[in-house]
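Input: a single structure, listed below in structure tokens.
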Amino acid sequence: MPQALLTRAELYELVWAEPLNKIAERFDTSGQRLSQICDAHAIDRPEQGHWLRIEMGRPVSVRPLKPAPAGVPELILISPSKREKAHASVETVPCVPDADSSAANTLRVPERLVRPHALIAEWIAVREREVRKKEQVYDPRLKRLIMPTPLTAADRRRFRLADAIFKAVEKQGVQVRKDERRELLMVRNGEQLTFQLRYRLKRGQRQLTPDELRWRGPDAEKWVYELNETDSLLFEIKTWLPRGARTEWEDSKRATLEQQLDDIVAGIMGAFPALEQLRREREEDRRRSGLAAQERRERENARKLDAARFRRLLELASAWREAELARAFLAALRERLPPDTLPVAGIDAADWLAWAERKVEEHDRLNGGAGSVFESIAGVTLWTYPDA
């Protein structure tokens with residue numbers, strides 16, 4: 001792409017319209033370089049998590065374009081990043097960028113592995129043991145059994161590039177290790193990235209060997225489809241990142257992975273703040289969800305308690321009505337009771353009346369005053385009526 005000449009206002013509109021990496025692709029440059037251009041021309045960029053909040057429908061703040069400080073031009077010339085062409089041999093891939101991109105590309109892939117990273121050394125040791133055993137092993141990438149071979153030029157290139165990436169990110173506080181499933185992890189401040197550095201696979205057709213045909217029978221197909229590695233090396237962040245974050249870098253005609261090393265490391269380091277912001281927003285969502293659930297429970301408990309107290313009020317009112325009815329009944333009973341009434345069950349009629357009057361008074365809660373009624377209602381809890 002040819003050079004582009006923009007005003008500060010035009011670049012400002014682009015920067016706030018979509019993620020920086022997408023804009024950088026239009027100009028054949030990197031997001032890191034475009035951010036440096038914005039900083040040099042006093043153009044504010046969206047904060048970390050800006051595009052994630054837009055994706056989740058959350059409000060965002062947009063800072064207006066400030067007047068250019070003294071000495072800052074209004075016109076901006078954006079040139080595409082020049083990359084050296086990759087050599088045919090993967091062992092002699094040039095790692096030194098040209099003069100125009102030397103400011104942005106500072107990391108280098110070593111030509112030889114010297115004091116390799118612990119994980120690289122482990123991979124090499126495992127391969128050597130497998131080669132010595134001369135037994136087939138299962139390759140999860142190719143999804144089939146293979147016979148281990150000594151390290152190839154492609155293997156050494158992948159190991160050198162992985163070694164450069166691992167050491168570069170560890171200098172910035174990232175820990176590179178394997179999890180319990182032996183997947184590769186990059187960890188910083190509790191945030192984890194899973195990733196892989198591999199050659200892209202391609203499905204191809206292979207003729208069966210005579211031994212394979214013998215086991216399959218005369219009517220079986222004489223070929224099978226298999227996955228095979230290509231010459232295109234790929235670095236991939238497997239952890240989900242917010243939309244707009246770059247997660248793949250691959251060999252291309254424009255640049256090899258060695259020439260994209262700065263962008264890869266910058267992409268890895270930029271992923272951690274994005275994951276941290278995402279985690280904080282998820283925690284905030286869980287906190288708000290928990291508060292909302294607690295408020296719903298409290299409202300429901302308040303409703304149940306109010307209903308239980310009203311149930312107690314109705315019980316007291318019913319007891320008072322029953323007591324009034326009992327008093328009227330006892331009064332009528334006295335009027336009809338003959339003086340010479342014989343004892344019943346060995347108890348005189350007067351004692352029976354006294355017992356009945358005492359029970360009526362106990363049944364009527366108004367005898368204790370209005371305060372006792374309110375105390376009885378206030379003593380109701382959510383567990384007073386378990387069947388409610």
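Excluding ligands and nucleic acids, what accessible area in Å² is computed for Y12 using a 1.4 Å probe, to the nearest 10?
About 30 Å², rounded to the nearest 10.
Highest first, please rank the peptides 320-326, 23-29 by the mean number of other Cβ atoms sitting within 10 Å of their residues. Please report the intermediate quantities before stating the final value.
Values: 320-326: 14.3, 23-29: 17.9.
Top to bottom by mean Cβ count within 10 Å: 23-29, 320-326.
Which FRET efficiency value, to the nearest 0.05, do you get for R287 and E47 by plugging their Cβ-Cβ distance into 1/(1 + (r/R0)^6) with R0 = 25 Å? Intermediate values should be presented prior to the final figure.
Values: r = 21 Å, r/R0 = 0.86.
That pair, R287 with E47, gives E of 0.70.
Please compare each pair in K133/K238; K22/K178; K171/K253; K202/K222; K202/K253 to a cut-off of 22 Å on the Cα-Cα distance and tell me which ones are over it. Could you put the intermediate results ahead of the total?
Details: K133/K238 33 Å; K22/K178 32 Å; K171/K253 30 Å; K202/K222 20 Å; K202/K253 18 Å.
The answer is K133/K238; K22/K178; K171/K253.
Report the full-extension gain for the segment L213 to E170: residue separation times 0.36 nm, less the Cα-Cα distance, to one decimal in nm. It would help to have the intermediate numbers written out before the result.
Numbers: separation 43, 0.36 × 43 = 15.48 nm, distance 5.06 nm.
Answer, rounded to one decimal: 10.4 nm.
Taking the dipole about the Cα centre of the range 302-377, with the C-beta of Lys and Arg at +1 and of Asp and Glu at -1, give me whichever of L353, T341, W320 is farthest to the positive side.
Looking along the dipole axis, the top candidate is W320.
Quick check: residue separation of V62 and E13 times 0.36 nm, minus the Cα distance between them. What number comes out in nm?
16.5 nm
Once you have the Cα-Cα distance between W223 and K178, take 0.36 nm times their residue separation minus that, and quote the gain in nm to one decimal. Intermediate values should be presented prior to the final figure.
Working: separation 45, 0.36 × 45 = 16.20 nm, distance 3.73 nm.
Gain on stretching W223 to K178: 12.5 nm.
Heavy atoms of the protein only, probe of 1.4 Å, neighbouring chains included. What is the accessible area of H50 in Å², nearest 10?
20 Å²
Could you pull out the trypsin sites (Lys or Arg not before Pro) across the range 104-156 that fall in loop regions by DSSP (anything but H, G, I, E, B) with no more than 16 other Cβ atoms inside 10 Å?
Details: sites: R108, R112, R127, R129, R132, K133, K134, R141, K143, R144, R156; in loops: R108, R112, K134, R141, K143.
Sparse-neighbourhood loop trypsin sites (Lys or Arg not before Pro): R108, R112, K134, R141, K143.
Hey, quick one: spin label on T239, modelled 7 Å out along Cα-Cβ, who in the range 179-213 has an amide N within reach, i.e. under 17 Å?
Only 179-197 fall inside the zone, counting backbone N under 17 Å.
Report relative contact order for the range 15-73 in percent, whole number only (criteria: Cα-Cα under 8 Å, sequence separation at least 6). Let's see the in-between values first.
Working: 39 pairs, mean separation 19.0, N = 59.
Once normalised by length, the contact order is 32 percent.
Given a 1.4 angstrom probe, I'd like the percentage of the accessible area of the range 249-388 that is carbon and sulfur, rounded to a whole number. Before the final figure, lay out the partial values.
Numbers: 5390 of 9370 Å².
Within the range 249-388, the accessible surface is 58 percent carbon and sulfur.
Which is farthest toward the positive dipole end of the chain among L142, L213, G368, measuring Cα position about the Cα centre, with Cβ charges +1 (Lys, Arg) and -1 (Asp, Glu)?
After comparing all options, I get L213.
Report, in whole Å, the centroid distance computed from the Cα atoms of the range 352-374 and the range 109-153.
The distance from the Cα centre of the range 352-374 to that of the range 109-153 comes to 93 Å.
Along the charge dipole of the range 158-210, which of L185, Q172, F195 sits closest to the positive end, that is, farthest toward it, with unit charges on the beta carbon of Lys, Arg, Asp and Glu (+1, +1, -1, -1)?
Checked the options; the winner is F195.
Report the FRET efficiency, 1/(1 + (r/R0)^6), for E55 and D387, where r is their Cβ-Cβ distance and R0 is 51 Å, rounded to 0.05.
On the way: r = 49 Å, r/R0 = 0.96.
So the FRET efficiency works out to roughly 0.55.
Kindly report the accessible area of the range 266-388 per residue (heavy atoms of protein chains, probe 1.4 Å, no ligands, DNA or RNA), in Å². Spell out each step's value before the answer.
Details: 8800 Å² over 123 residues.
Accessible area per residue, the range 266-388: 72 Å².
Taking 7 Å along the Cα-to-C-beta vector as the label spot, tell me the L185-S252 distance in nanometres, rounded to one decimal.
Taking the simple label geometry, L185 and S252 are separated by 3.2 nm.
The values are calculated or read from the model by the stated rules, or taken from the named source; none is laboratory data. Not measured: the values here are computed from a predicted model. Virtual Cβ from ideal backbone geometry, glycine too; neighbours counted across all protein chains shown. These area figures cover heavy atoms from the full protein model, side chains too; ligands, DNA and RNA do not enter into them. Shrake-Rupley method; radii C 1.70, N 1.55, O 1.52, S 1.80 Å.
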